[in-house]
Amino acid sequence: MIRFALILFLFSLIHPLLCQQSFTRKDSLRGGFRAERNYDVQFYELTIKPDLSNQSLEGSLTMEFIPKGSLKWIQVDLFENMDIVKITKNQQNLNYRREFDAVFIEGQFSENKKDKITIQYKGKPIKAKNAPWDGGFVWQKDPQGNPWVSVACEGTGASLWWPNKEDMSDEPDQGMKINITVPAELMGISNGRLVKTTPEQKGLKTWTWSVTYPINNYNVSLYIGDYAHFSDQYHSKDGSALDLNYYVLKGHEEKAKVHFEQVHKMLESYEHYFGKYPFWKDGYALVESPFLGMEHQSAIAYGNKYQRGYLGGLIPDEFNFDYIIIHESGHEYFGNAVSVKDHADLWIHEGFTTYLESLYIEFLYGRKAAVRYLESQRKLIKNSAPITGPKGVNYTRFPDSDMYYKGSWVLHTLRTSIKNDSVWFKLLRGFYDQYKYKTLNTEEFETYVNDFTKKDFSAFFKVYLRSTEIPVVRVRTEITDQKTRIFYKIDCSEPSLEIPIEINLDGKTIQLDATGVERNIQFNRAFKSIKPVSTLTLVSIPEK
């Protein structure tokens, strides 16, 4: 608790708004690393049987794990409205106690010795009021009146519907097995690759799925519905084939086949920058969902109604792509393959993926088109709070979408500051490769950038990630004897920050490195128009 208080104190110095926020024991039980969480999850097997008429679940979770020390208690998490039937190890019942959504299990768990427990549970999971922006189950009917069920739980937590170690820093190293029992006339779809279907009594069928890669908890999902399935393949640069599986409501097959053709160019563009799709063995899937979308690993929720952009809008008119396909698929690289350890650093998921949208545009249409796309994102930046938060408390109180749009512009600005696109793209690829199938925090990204570029970007990250300050460009001119001298600087509380600024001279834009100390440059001509612009860096241009 001392370390937790220190984190809050230091963060409050950076952003006074947080001084007004309070955190509870429930927050720290959920978000903090405690002694009872000192184990490494190896594998989950989740067996789930939804009752569609009663909107309830019964199921079991078997967790294989390796303690990092000798433990008498371990913590898993399950929302307190869900009932635990029993917890067993080697078919022997274990004692447990519950505190809020935390479950503390008593036993003898030996250091570095693989162990296994099984939790049987049941209950009515909370319902989402507005998925995917809030967490919970969605129990709907499709247009034909058939059950159409799914779940979204990012931020709220996967433990709203299945017991797990709700710690973003620990993903199951060896993947997961998921068994879903549904009425035989429906499909039960989940992450990974379909292994088998098994007929059950009372007109039921069990669908068994295998995830062979690490997966973060909120990406685990299910979809139940009267689906039609069709498939395709994407061929990588090396000639290998990736299975593409599409599950859409019956009657939507033909328009889906046409609309989903854009998946090929999307995968090609991301492969160009980051290599092959990261979950190759599990395949890629889009599943029509009763909410807009979610980056569920290898089973992306798709609810954009086969429209361009974001339900027909958001993206500039000159572009014609499905935002949900491009954005949520980008999360397979950043969010799913590269994941953060704490919600406080979620900008790495959302900022990188939003920036990937511009790289998709750049791959297809060139750099200038990508900059135009980024300028459309910039209009959405609110800058009401920093895009990083306090760690250890499951921080989800970001007041706006700046982790998306400002996060994207932080990367755009960093690219400009590095001044070498060859270095920039090698940095991006190297960072991705180093942390693929791993978890990290913002500080590790900063260290990677500094080490790779051999330049200290600490001031850059302090300003753009941990404050709401946007450097202000100041330009003044002196014109004498057909000569122009331009004086320029930035106003910023961080004196060591150096940032490229752009100045348009009679229609031609130049870049100059600016700091808090005024610099100047002279030209042997008089310009009719001299004005600062900001298409490549996140700076503020005062209105005259």
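The values are calculated or read from the model by the stated rules, or taken from the named source; none is laboratory data. Being a predicted model, the structure only gives us computed values, none of them experimental. Backbone-built Cβ (ideal geometry, glycine too); neighbour counts: all protein chains shown.
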- Task: Would you be able to say whether some residue in the range 16-24 is buried (at least 16 other Cβ atoms within 10 Å of the Cβ) and at pLDDT 85 or above?
- Result: yes
- Item | Extreme residue, nearest to the chain's Cα centre (by Cα), among residues of the range 452-477 that are closer than 15 Å to S417 by Cβ and basic (K, R) | K462
- Message: So, in the range 473-520, how many residues would count as being among the β-branched types (V, I, T), exposed (fewer than 14 other Cβ atoms within 10 Å of the Cβ) and under 20 Å from P542 (Cβ atoms)?
- Response: 3
- Keeping to the range 452-471, report how many residues are hydrophobic (A, V, I, L, M, F, W, C) and touching a residue at least 60 places away in the same chain (Cβ under 8 Å). 2
- Item | Near pairs, Cβ below 8 angstrom, 6+ apart or cross-chain, from the range 134-162 (touching a residue at least 60 places away in the same chain (Cβ under 8 Å) and not assigned by TED's automatic domain parsing to the domain that holds G251) to any residue that is part of a helix (DSSP H, G or I) and not aliphatic (A, V, I, L, M) | none
- Note on the structure: Of the residues in the range 262-293, those that are assigned to a loop (DSSP other than H, G, I, E, B) and farther than 19 Å from D243 by Cβ come to S289, P290, F291, L292
- Quick one: count up the residues across the range 491-504 that are in a strand (DSSP E or B) and either among the basic types (K, R) or within 16 Å of T416 (Cα to Cα) (or both). 5
- Task: Filter the range 429-451 down to residues that are crowded, with 16+ Cβ neighbours inside 10 Å and either within 17 Å of the chain's Cα centre (by Cα) or hydrophobic (A, V, I, L, M, F, W, C) (or both), then give me how many there are.
- Result: 11
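Confirm whether K455 is in a loop (DSSP other than H, G, I, E, B), in the same structural domain as I387 (by TED's automatic domain parsing) and out of contact with any helix residue (DSSP H, G or I) (no Cβ under 6 Å at 6 or more places or on another chain).
yes
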- Query: Which condition number in (1) surrounded by fewer than 20 Cβ atoms within 10 Å (Cβ to Cβ); (2) not hydrophobic (A, V, I, L, M, F, W, C); (3) not assigned by TED's automatic domain parsing to the domain that holds D142 is the one that D282 fails?
  - Reply: (1)
- Query: Of the residues in the range 364-389, how many are in a helix (DSSP H, G or I), within 23 Å of the chain's Cα centre (by Cα) and of a type in the set (K, R)?
  - Reply: 1
- Got a number for residues in the range 194-228 being of a type in the set (D, E, K, R) and either surrounded by 17 or more Cβ atoms within 10 Å (Cβ to Cβ) or part of a loop (DSSP other than H, G, I, E, B) (or both)? 3
- Query: Yes or no: V463 touching a strand residue (DSSP E or B) at 6+ places or on another chain (Cβ under 7 Å), β-branched (V, I, T), within 22 Å of L374 (Cβ to Cβ) and at pLDDT 95 or above?
  - Reply: no
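Tell me, yes or no, whether the range 362-374 has at least one residue that is at pLDDT 95 or above, touching a helix residue (DSSP H, G or I) at 6+ places or on another chain (Cβ under 6 Å) and within 28 Å of Y246 (Cα to Cα). Let's see the steps before the verdict.
Narrowing the range 362-374 to residues at pLDDT 95 or above: 362-374.
Filter once more, keeping what is touching a helix residue (DSSP H, G or I) at 6+ places or on another chain (Cβ under 6 Å): 362-363, 369-370, 373-374.
In the following step, the residues that additionally are within 28 Å of Y246 (Cα to Cα) were identified as 362-363.
So far as the range 362-374 goes, yes, one or more of its residues are at pLDDT 95 or above, touching a helix residue (DSSP H, G or I) at 6+ places or on another chain (Cβ under 6 Å) and within 28 Å of Y246 (Cα to Cα).
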- Task: Find the residue count for the range 294-328, including only residues that are aliphatic (A, V, I, L, M), within 19 Å of Y404 (Cβ to Cβ) and part of a loop (DSSP other than H, G, I, E, B).
- Result: 3
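Kindly provide the set of residues from the range 52-82 that are polar (S, T, N, Q), closer than 19 Å to Y39 by Cβ and assigned to a loop (DSSP other than H, G, I, E, B), ordered by number.
S70
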- Mind checking which residues of the range 57-100 are touching a residue at least 60 places away in the same chain (Cβ under 8 Å), within 28 Å of the chain's Cα centre (by Cα) and either outside the structural domain of K202 (by TED's automatic domain parsing) or under 18 Å from W207 (Cα atoms) (or both)? L57, G59, S60, L61
- Can you confirm whether the range 30-52 contains a residue that is crowded, with 18+ Cβ neighbours inside 10 Å, under 27 Å from the mean Cα position of the chain (by Cα), at pLDDT 95 or above and closer than 21 Å to A128 by Cβ? yes
- In the range 108-122, residue nearest to R397 (Cα to Cα) [restricted to those that are crowded, with 19+ Cβ neighbours inside 10 Å and out of contact with any Gly (no Cβ under 7 Å at 6 or more places or on another chain)]: I119
- Query: Of the residues T477, T535, T439, T468, which single one is assigned to a loop (DSSP other than H, G, I, E, B), of a type outside the set (D, E, K, R) and in contact with a strand residue (DSSP E or B) (Cβ under 7 Å, 6 or more places away or on another chain)?
  - Reply: T535
- Query: Does F460 satisfy the criteria of being crowded, with 19+ Cβ neighbours inside 10 Å and more than 30 Å from K531 (Cα to Cα)?
  - Reply: no
